[in-house]
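Bear in mind that the values in this text are calculations on the coordinates, not laboratory data. This structure is a prediction, so every number in the text was calculated from the model and none was measured. Cβ: placed from backbone, ideal geometry, glycine included. Neighbour counts: every protein chain shown.
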Number of protein chains: 2
Amino acid sequence: MSQHPDTRHQREKEHGGNDFKIACAIIDDARICHVGFTVEEYPYVVPMACARDKDQLLLHGSVASRVMKSLADGLDCCVTITHLDGLVFARSAFHSSMNYRSVMIFGKAQLIEDELEKSRSFDVLVEQLMPGRLAELRDSTPKELKATHLLKLPIEVFTTKVRTGPPDDPKSDLGLPVWAGVVPFGTINGEPVTAPDMRFKTSAPAYLSKM
Amino acid sequence: MSQHPDTRHQREKEHGGNDFKIACAIIDDARICHVGFTVEEYPYVVPMACARDKDQLLLHGSVASRVMKSLADGLDCCVTITHLDGLVFARSAFHSSMNYRSVMIFGKAQLIEDELEKSRSFDVLVEQLMPGRLAELRDSTPKELKATHLLKLPIEVFTTKVRTGPPDDPKSDLGLPVWAGVVPFGTINGEPVTAPDMRFKTSAPAYLSKM
């Protein structure tokens, strides 16, 4: 890809690409994604829970089954995941930026209909969303599995974009008397809140601290 | 809105609506949004920085100006913001859920072209993204403002969806010997990382702790 010289320096910090491993790492860090599709020429973007099953993106939404049905009908979709990793404080507003990792996956999603595959895929999803939880839960009933709508989208056509590192100020700004750098963001778990309908005393399980 | 009796209980915890104040609160907590639009029948979802200026959503992207141009050309778009507030651990995988707040805003975005309006809007954006920072930054130059592409989208046609509270298990599961509750999520700032090209010693400013 040719680069205009003016943008070369910037691009060292902001990489576009289509490396499968980078895409997987971005997906594996996610619990939700934004699914875009078009119905009667109008665009929609809905948040859905997601997980990766090898080279497939699994999607699970509390969205109306109408939406799931539209997606499963072979609509083209674009699924985007973005992690905001930090704020980049340059010496000017113009050069300030954000550190982030994003992936856009394009394709047609498919409803998972085979019962065995659905059951297995649901396990994969639950394990990515709530690592460690699955082992202590009862099995889903056939009725529950029937009411669960899962989609899969091949991770084949995608593009990643990642910005890391410090601000990228022009030399003429380096003398300005202002702090510059990065404030990284992280997610923390608050204290687990036990459900009010717990019938017996059970302490919050250890795996919660690793969510 | 009529409700099927089966879903009534669930809906007490998962509210859809179109209250302007709720939409504003969701937007004001955000730094990024996902912008969906359709080009030649294909959907795209791109992450962009965002802020609220009264009843307008401001959008600013490091995306190619081609995308900004498409959006500004009167394309319909759907902008979705989602905050994942916590994981809801029910006694079964099926009833497990997430607490979240989301808003979808529909409409046509407009490129902000008036120089004064652009300069003011850019200030609003910077202040929402990096509260306190603006006061110590130099003014943007006319050339920088010219190279800044900002869109505005009226917060008029939108829908919010919010889930809060504990899991919602069926009575038949309440005796299961498994912890149930919510693990809330929060964002924290890591230690500020000073830019390697800082020419003098300046400690990280106090407002960083409030990001």
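Brief remarks follow.
- Within the shell defined by Cβ-Cβ distances under 15 Å, the residues around A:Ser209 carry a net charge of +1, with Lys and Arg each +1 and Asp and Glu each -1.
- With the Kirkwood sum run over all distinct C-alpha pairs, segment A:172-211 has a hydrodynamic radius of 14.9 Å.
- Here segment B:25-158 is treated as a Stokes sphere of Kirkwood radius computed over C-alpha pairs; at 10 °C and 1.306 mPa s its diffusion coefficient rounds to 99 µm²/s.
- Charge sum, other residues only, whose C-beta stays under 13 Å from B:Asn99's C-beta, Lys/Arg counted +1 and Asp/Glu -1: +2
- Unmatched cysteines, chain B - criterion: no other Cβ of a Cys under 4.7 angstrom: B:Cys24, B:Cys77, B:Cys78
- Total formal charge among the other residues, if their Cβ is under 14 angstrom from that of B:Leu151, Lys/Arg +1 and Asp/Glu -1: 0
- The sum of -39500 (n - 2.57) across all DSSP H runs of n ≥ 4, divided by the residue count of the protein assembly as shown, sets its helix-only mean residue ellipticity at 222 nm to -6500 deg cm²/dmol.
- Of A:Thr80, A:Thr194, A:Thr148, the residue with the greatest mean-square motion in the GNM of chain A, using alpha carbon springs below 10 Å, is A:Thr194.
- Length gained when the stretch B:Ser119-B:Val193 is fully extended (0.36 nm per residue, less Cα-Cα span): 23.8 nm
- Percent of Cα-Cα distances greater than 40 Å, calculated over the protein assembly as shown: 19
- Calculated P(r) tail over 16 Å for segment B:138-211, as whole % of Cα pairs: 79
- Over segment B:10-86, the fraction of Cα-Cα pairs per 5 Å bin, rounded to whole percents and listed from the shortest bin up, is 3, 12, 23, 23, 16, 12, 7, 3, 1.
- Mean-position separation - Cα centroids, segment B:69-113 and segment A:168-211, in angstrom: 21
- Ascending list, in nanometres, of distances separating the A:Pro205 label from those of the other copies (7 Å, Cα toward Cβ): 4.6
- Rounded, prolate or oblate (a/c below 1.5 giving rounded, otherwise prolate when a/b exceeds b/c) for segment A:83-124 by Cα gyration tensor: prolate
- Modelled this way, with points 7 Å down the Cα-to-C-beta line, the labels at B:Thr202 and A:Asp28 are 3.9 nm from one another.
- Two tests apply to each whole DSSP H helix in chain B, Cα reach of 15 Å or more along its axis and mean Kyte-Doolittle hydropathy of at least -1.0, and the ones passing both are B:115-129.
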